[in-house]
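The values are calculated or read from the model by the stated rules, or taken from the named source; none is laboratory data. Note that this is a predicted model, so its numbers are computed, not measured. Don't worry about glycine lacking a Cβ; one is built from the backbone with ideal geometry, like all the others, and counts go over all protein chains shown.
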Amino acid sequence: MKNIILFDPDTRDQLLPLTFTRPVSELRVGVTTISEKWAQLFGGRISHITQDYLSEKYPIEISDDNFVINGSVLPNPQLCKMIGELNNNEAFQKDGELIAARLDRLQFQNLMEDNDIEELVGFELEHVGFDTINYVWDVFSLNGKILKEDFQWLTEGRESAPLSKSNQIVGDPSLIFLEEGAVVECATLNTKKGPIYIGQGAEIMEGCHIRGPFAMCEDSLLKMGAKIYGATTLGPCCKVGGEVNNVVLLGYSSKAHEGYLGNSVIGEWCNLGADTNTSNLKNTYEEVKLWDYTKNSFGRTGLQFLGLIMGDHSKCGINTMFNTGTVVGVSANIFGAGFPRNFIPSFSWGGPQGYETYDLKKAFYTMERVLDRRSLTLSVEDHNIFKHIFEITAQYRSWEKG
């Protein structure tokens, strides 16, 4: 089995707030996370080179033969084949960026200690196409393409669990795949624009209308009458209702009631209150600008459609209205009438009427109660991670400076 070490590239900060709490390769795009794709398509065990404060939860595992791979790169069979053919002390790069290298134990240690790696032979990757996740909006923008690719390798040579005859199918039935234990009743499933994948133990309630490409991971729930447009992915253990269009929920998050969410990425353990609505198009139809952590200001995206980017453990109250291109950090609690600001720092408590700092002890109390509902606990490693995020994001909570 190959030893695969996925490293955070320099573009990691462009993926904040999603990467405050995880390595880049733990982002979900398509059906699976990037690291799960490498584990399956390249064949091996995964570890990470990531930020120091994340390394206790995501440690490096070094062997005598290591494939060190850029964690923002999405694998495909051709790329995996070429990387697998690398000899020791050889590397691939693309436009000056390291894509992959094969290193023995000593060479890897020299790399980690910023020592020269003797005789490292670099090759430019030519005539090989692959996708990378460089910006937060790439997660939903590439989701349709990657979801179709994931569907192919996840279902190849396998037979779907039976689909109830109570459902209405529009398009090709072979593009619908149910894992064992999935339940779908009285739904409309349209595969004309892409496949539909339903994970183990997931349930689609009566009256739901779904257009592919769509992926629903294990133990997630679509509530009655939900309207889902592709390309949308629900990570594991999500609850979703209302109207959703081209959204990725990384996992364990809920938008369980009415309201619109489009062209957005929602982290883990988030909750959107009933009738929360997100604008994904400006009234002027102009390009959407988004908060850029690398510049400490709003930056251009080149997109006309962009909704909400929300970090882990953030929540909003009922009837919250998010403006086009809003970024919410980690563990924010948003409520109140009116539109909140377009950038809400981590550990914010409040809304349009003003903010204060979400006390860390209270934030931990809420996290622990949320995880306890799924018989999980907040680990020591997670406590340390959130303490660090609380400290490094204080610079964005302007009211603290006053």
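Q353 meets each of the listed conditions (1) within 21 Å of the chain's Cα centre (by Cα); (2) at pLDDT below 95 apart from (1).
Residues checked against (1) surrounded by 23 or more Cβ atoms within 10 Å (Cβ to Cβ); (2) under 30 Å from T11 (Cβ atoms):
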position	(1), (2)
K145	no, yes
E159	no, no
V170	no, no
G181	no, no
K193	no, yes
G201	no, no
H209	no, no
F214	yes, yes
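Only one entry of K315, K289, K255 meets the criterion of being farther than 24 Å from L371 by Cα and of a type in the set (D, E, K, R), and that entry is K289. Looking across F151, F92, one residue alone is out of contact with any Pro (no Cβ under 8 Å at 6 or more places or on another chain) and crowded, with 19+ Cβ neighbours inside 10 Å. It is F92.
Selection over segment 251-298 of residues that are in contact with a Cys (Cβ under 7 Å, 6 or more places away or on another chain) and hydrophobic (A, V, I, L, M, F, W, C) gives a count of 1.
Among the numbered conditions (1) of a type in the set (A, V, I, L, M, F, W, C); (2) touching a residue at least 60 places away in the same chain (Cβ under 8 Å); (3) over 16 Å from L250 (Cβ atoms), the only one that V29 does not meet is (3). Pairs meeting the criteria (first residue in segment 80-92 and closer than 16 Å to D131 by Cα and assigned by TED's automatic domain parsing to the domain that holds R105, second residue of a type in the set (S, T, N, Q) and modelled with pLDDT under 90, beta carbons under 8 Å, at least 6 apart or on different chains) are lacking. Restricting F42, F67 to residues that are farther than 28 Å from D382 by Cα, in the same structural domain as E97 (by TED's automatic domain parsing), surrounded by fewer than 22 Cβ atoms within 10 Å (Cβ to Cβ) and at pLDDT 95 or above narrows the list to F42. Name, by its number, the condition in (1) under 16 Å from T21 (Cβ atoms); (2) in contact with a Lys or Arg (Cβ under 9 Å, 6 or more places away or on another chain); (3) surrounded by 24 or more Cβ atoms within 10 Å (Cβ to Cβ) that does not hold for G251. G251 satisfies all of (1) under 16 Å from T21 (Cβ atoms); (2) in contact with a Lys or Arg (Cβ under 9 Å, 6 or more places away or on another chain); (3) surrounded by 24 or more Cβ atoms within 10 Å (Cβ to Cβ) except (3). Considering segment 285-367, the qualifying strands (runs of 3 or more DSSP E), each wholly inside and each with 1 or more residues that are acidic (D, E), run over 289-292, 354-357. For first residues located in segment 378-402 and outside the structural domain of Q51 (by TED's automatic domain parsing) and more than 19 Å from W349 (Cα to Cα), partners that are assigned to a loop (DSSP other than H, G, I, E, B) and modelled with pLDDT of 95 or more and lie 6+ apart or on another chain with Cβ distances below 6 Å form the pairs E381/E56; E381/K57.
Each residue in segment 376-398 was checked for being over 16 Å from E268 (Cα atoms) and either at pLDDT below 95 or polar (S, T, N, Q) (or both), and 4 pass. Taking A337, is it aliphatic (A, V, I, L, M) and modelled with pLDDT under 95? Yes.
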